[in-house]
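Derivation of every value follows stated rules applied to the coordinates shown; laboratory data play no part. Predicted, not measured: the structure shown is a model, and the values here were computed from it. Cβ atoms come from the backbone with ideal geometry, glycine included; neighbour counts cover every protein chain shown.
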Amino acid sequence: MGDFELPFKAIFTCGQDQATGEYVAHALDFDLICTGATPEESLEKLRQCTKAYIEFGYSQGWKKYIDFPAPEECWERALTDEKPMTPLPPIIIDKTKFLVFAVRENEACAAA
């Protein structure tokens, strides 16, 4: 994976779906979504999902298709001054470290 060209960071958001009460975690860099009963559960599922997504895409030779950002409105809602980023454990793929940061939302962009 030495010629890996993806960004070496990932921004995850986590908000509660008001209709279901589930927590929705969204990987903005890859537009992947996972749900869970707690914020921690949804974020951990998303870490595992993101790792599997990148590994599978890379193993299939789909490097140029792996980077698939979420819609702009999700980025705009997440990246505001009043929402601090919290570092999460990194995702490590073949000795390449992806830094992961979480932003808490009032509600999930994907559910809006």
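As a proxy for reagent exposure, ranking D17, D94 by other Cβ atoms within 10 Å from fewest up yields D94, D17. Within the listed set T86, T50, T35, the Gaussian network model of the chain (springs between alpha-carbon atoms below 10 Å) gives the highest mean-square fluctuation for T86. Over the chain, the reciprocal of the mean inverse Cα-Cα separation, the Kirkwood hydrodynamic radius, stands at 14.2 Å. Extension gain for E73-Y53 works out to 4.9 nm (0.36 nm per residue, less the C-alpha to C-alpha distance). Taking every lysine pair in the chain that is 8 or more places apart or spans two chains, those with Cα atoms closer than 19 Å amount to 15.
Between K64 and T20, full extension at 0.36 nm per residue minus the direct alpha carbon distance yields a gain of 12.3 nm.
Considering only E22, E76, E41, the mean-square fluctuation computed in a Gaussian network model of the chain, springs between alpha carbons under 10 angstrom, is largest for E76.
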